[in-house]
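First up is the structure itself, then whatever we jot down about it.
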Amino acid sequence: MAGRHTQARFEFSLRRKLTPLDIADMFNDFAEDYEEVYSSIGWRTHEVIGDFMAKIIPEENRSKLKVLDVAAGTGLLGNELKNHGFTHVDALDPAEEMLSMAKRRNIYRTYFCAFINKDRNDAIETGEKHY
């Protein structure tokens, strides 16, 4: 059902009425047009974050750092990180169609179609030790 929750794409206050599954559905419906639409309104968050990460992480450490791109979407940030030499980047997003767009470009090492919540996702590798 294309076009579900269309207004909530840009009117963030409308998202308060949506469930997490509704929001994932909204982005699933929006996946094909996401990059074109956000690019047309000047959305550059992925570039700003990619440049910031490249500025604070020395080049020689980028391939060693493990990064989880939460709300990875179509992979805009992942692609920026890849261009800056980050090689161990995983994607997490609850919208399967958004991740499908990123998979087509082979941006991430691993793709997790899941929500972020209070429960630990054992499939996601962490650098923490649990005692």
> How big is the chain by the Kirkwood estimate over distinct Cα pairs, in Å?
Replying inline: 15.8
>> Below 30 Å, Cα to Cα, which lysines can Lys66 reach? Residues fewer than 8 away in the same chain don't count.
In response: Lys55, Lys82, Lys103, Lys118, Lys129
>> I'd like the distance between the alpha-carbon centres of segment 51-93 and segment 94-128, rounded to an integer number of Å.
In response: 14
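No value in this document is a laboratory result; all are computed from the given coordinates. These figures come from a predicted structure and were not determined experimentally.
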